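Throughout, read-outs are computed from the coordinates displayed, never taken from laboratory work. Every value quoted in this text rests on a predicted model; they were computed, and no experiment measured them. With ideal geometry, Cβ positions are generated from the backbone for all residues, glycine too; neighbour counts draw on all protein chains shown.
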Amino acid sequence: MAKGTVVQKIIDNHYISGDKEIGKPVAIRIDQTLTQDATGTMAYLELEAMKIDRVKTELSVSYVDHNMMQNGPENRNDHLYLQTVAANKGVYFSRPGNGICHQVHLERFGVPGKTLLGSDSHTPTNGGIGMMAIGAGGLDVALAMAGQPFRMVYPKVIGVKLINKLSPWCAAKDVILHLLSILTTRGNVGCMVEYFGEGVKSLTVPERATITNMGAELGVTTSLFPSDEITEEFLVSQGRGEAYAALAADADAEYDQVIEIDLAEVVPMAACSPSPDNIEKITDLAGQKVDQIIIGSCTNSSLQDLLKVAAMLKGRRANDSVTLAIAPGSRQVMEMLARCGALADIIAAGARILEAGCGPCIGQGQSPANDTLTLRTFNRNFAGRTGTKGDNAYLVSPEVACAAALTGFVTDPRELDFECPTVEVPAEFLINDDMIIPPPADGSGIEIIRKPTIGNPPENGPLPEVIDGEVVLKVGDKITTDHIMPAGIHLKLRSNIPAYSQVVFECFTEEGKPSFAERAAVVRDNGKHGIIIGRDSYGQGSSREHAAICPMYLGIKAVVAFAIERIHSANLINFGIMPLIFADHADYDKIEENDKLVIENAPAQLAVGAPVEAKIVKPNGDEVAITLTHKMSEEDIAIIKAGGRLNCA
């Protein structure tokens, strides 16, 4: 077990209960929470369902940054609810246009050594300043706001030792892409990544935040850097020097695994479709025609990033064959770019300036043309995530993106005919928190506005004695929450579970055949229980709890796979769906769609570490006995038996 690490120190300082042994359940105190509007509405509805008058955390912030396209009333209805429920419950409210939650939280609220739980999988961005920042489902965040501890497994700590410093034209984005090429997106559940070594000092806080942000793609619980003089410099520049606290691993710290990265040997890279771990060197991709470039997202939209972009574009023009769009991460970044003239340089180069928000990263606008290549400085490129079916998206650094914007082709920036510009970030940032509304001291008199497009969380009954299941869908490896619950144009339905549930697994609907939702509803309405069968790394990606809520609404009682990712597994448990594992992978080939899966005495069979005996029943009546396992704790099992966490609150 790791000793003397930053991870261990923060857990020790926030420890409530559990065994401090790798893989064992442990509960920690949560200091801060954040929500965003795509997940926040349901989180606050769940908080209301708990009858909580006022949040119990040191600080909670509600951001609006995802659903800002207002085609119809739904999104604005959500915003009105979020603003009024925040005032009522004691939560800060960051208005639409103020910026992306992770960027703004890093700038205005993050504190080294504190814990942060966010209803967005990229919450680990704040690990860049030494926070233990963890993404979770909305219900887990609501429970934290209600004063409940956060439960996780005690982590294996992967130490990433950084030596030397990055070469010109090589970026922090290339560091995390390099690590993804080593660890991939699967097999890292229950781990945390901690960066250490002399190379850490060469990275600014925005660069560190880029690395911890995209660490979410590794499937780890979180990633974090130490808090040092670089951290202090950043907090002072934000007028928050008092928040600084030094935090570092002991000189003799021990890690459970160590990976060494020589920053001087890191080269420009790209994550090619359809996965963030499909890593290639830019030198091997050079010359491919590019149609669209978008620079922004919570990964690469800091002032430092965009000053570098402005310097590369200054006096130059985007190639006629491409479209170039820029999305600053926060209003602070946008205004500072405008005041120093960098925004004018970007506009003069032919860039389109987008709102400070998530937008294209989640398929909300700027979808690429069919059969074209889009380069994005984002963190995910799952199939169809851009909003275009059959898309081809590469994830790259701002330097690589900008080089392609100038040439029209994938280009190694080291081959450009000018030197890599150096940028200086101001010692003092523009501080204007006018678009962050603090809650009143007493919000009991605030009326919570709930328009008709906002519904209540659906209810679920206790676990049946017998799971009389029918396989509604069988899928393969690396099924993401984007596969399960598409974003893009459907996001505005998130407060309306009956409507949103109609697009569950929409990507697998064949023309002229019933959808997953239609088939699951038939099984449910016939008094049977829906089952989903998967393979490895099921549920990777976003923290969206709707990927559990909507299947639950459609009658799904179990997901059976080789491995289920951390956040999704927790969400399934929270809403009463059993996350089960094939004891023998060969059994995957024995079960098909429309087969029955029967589990007798289901509640009695659920016990910590115990197998679950089941049988497959074929349409002709033949039966095949199989053994399933699970990783649920005693508390998880109690939640499943009750039919979900809200039934236990």
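In sequence order, the range 125-136 has phi-based couplings of 3, 6, x, x, 10, x, 8, 8, 9, 10, x, 7 Hz under the Karplus curve 6.51 cos²θ - 1.76 cosθ + 1.60, θ = phi - 60°, and Gly or Pro positions carry x.
For the pair the range 415-443 and the range 126-178, the centres of their Cα atoms are 21 angstrom apart. Considering only N75, N319, G365, the residue lying farthest towards the positive end of the dipole of the chain is N75, judged by Cα position with unit charges set on Cβ.
With charges set only on the Cβ (+1 for Lys and Arg, -1 for Asp and Glu), what does the dipole of the range 6-265 come to about its Cα centre, in debye to the nearest 20?
I would put it at about 640 debye.
Kirkwood hydrodynamic radius computed over the chain comes to 24.9 Å, based on all pairs of distinct alpha carbons. Each label was represented as a point 7 Å from its Cα along the Cα-to-Cβ direction; for A49 and A338 these points are 4.1 nm apart.
The Cβ shell under 10 Å around A369 holds other residues with a net charge of -3, Lys and Arg each +1, Asp and Glu each -1.
What are the trypsin sites (Lys or Arg not before Pro) within the range 1-38 that DSSP puts in a loop, where the Cβ has at most 12 other Cβ atoms within 10 Å?
Values: sites: K3, K9, K20, R29; in loops: K20, R29.
Passing both the DSSP loop test and the Cβ count: K20.
Residues C101, C361 in ascending order of nearby Cβ atoms (within 10 Å, fewest first): C361, C101.
Taking N as the number of residues in the range 6-265, what is its Cα Rg relative to 2.2 N^0.38 Å?
Numbers: Rg = 18.1 Å, N = 260, 2.2 N^0.38 = 18.2 Å.
Compared with the compact-globule rule of thumb, the range 6-265 sits at 1.00.
With an 8 Å cut-off on Cα pairs and a minimum separation of 6 or more residues, tell me the relative contact order of the chain in percent.
Details: 1642 pairs, mean separation 93.1, N = 649.
Contact order relative to length: 14 percent.
Sorting the segments 139-152, 289-302 by their residues' average number of neighbouring beta-carbon atoms within 10 angstrom, most packed first, yields 289-302, 139-152. The largest-to-smallest principal axis extents of the Cα set in the range 467-647 are 42, 38, 29 Å.
Considering the options G113, T33, I616, tell which one lies farthest towards the positive end of the dipole of the chain, charges being +1 on Lys and Arg and -1 on Asp and Glu at the Cβ, about the Cα centre. About the Cα centre, the residue reaching furthest to the positive side is T33. Counted by Cβ distance under 15 Å from L416, the other residues give a net charge of 0, where Lys and Arg count +1 and Asp and Glu count -1. A simple charge model with +1 on the Cβ of Lys and Arg, -1 on the Cβ of Asp and Glu and nothing else charged puts the dipole of the chain at about 1020 debye relative to its Cα centre.
Give me the distance between the Cα centres of the range 213-246 and the range 592-630, rounded to whole Å. Taking the Cα centre of the range 592-630 as reference, the centre of the range 213-246 is 46 Å away. Spin-label model, K201/N370: points 7 Å from Cα along the beta carbon direction are separated by 5.7 nm.
For the range 493-508, 3J(HN,Hα) computed residue by residue from phi via the Karplus equation (6.51, -1.76, 1.60; θ = phi - 60°) reads 8, 4, 8, 10, 4, x, 6, 5, 5, 6, 10, 4, 6, 4, 5, 9 Hz, glycine and proline entered as x.
Could you work out the helix-only [θ] at 222 nm for the chain, with each DSSP H run of four or more residues adding -39,500 (n - 2.57) and the total divided by the number of residues, to the nearest 500 deg cm²/dmol?
The helix contribution divided over the chain gives -7500 deg cm²/dmol.
Here the peptides 229-238, 315-324, 485-494, 365-374 are ranked by packing, the mean other Cβ count within 10 Å, and the order with the highest first is 485-494, 229-238, 365-374, 315-324.
Other residues with beta-carbon under 14 Å from the beta-carbon of L597 carry, at +1 per Lys or Arg and -1 per Asp or Glu, a net charge of -3.
Loop only per DSSP, at most 14 neighbouring Cβ atoms within 10 Å: give me the chymotrypsin sites (Phe, Trp or Tyr not before Pro) in the range 347-436, ordered by residue number.
F418
The range 2-35 and the range 253-330 have Cα centres separated by 33 Å.
From least to most packed, judged by other beta carbons within 10 angstrom and beginning with the fewest, M42, M336, M435 follow the order M435, M336, M42.
Calculate, in nm to one decimal, what E254 and S17 gain on full extension: separation in residues at 0.36 nm each, minus their alpha carbon distance. If you can, show how the numbers build up before the last one.
Values: separation 237, 0.36 × 237 = 85.32 nm, distance 2.31 nm.
The E254-S17 span can extend by a further 83.0 nm.
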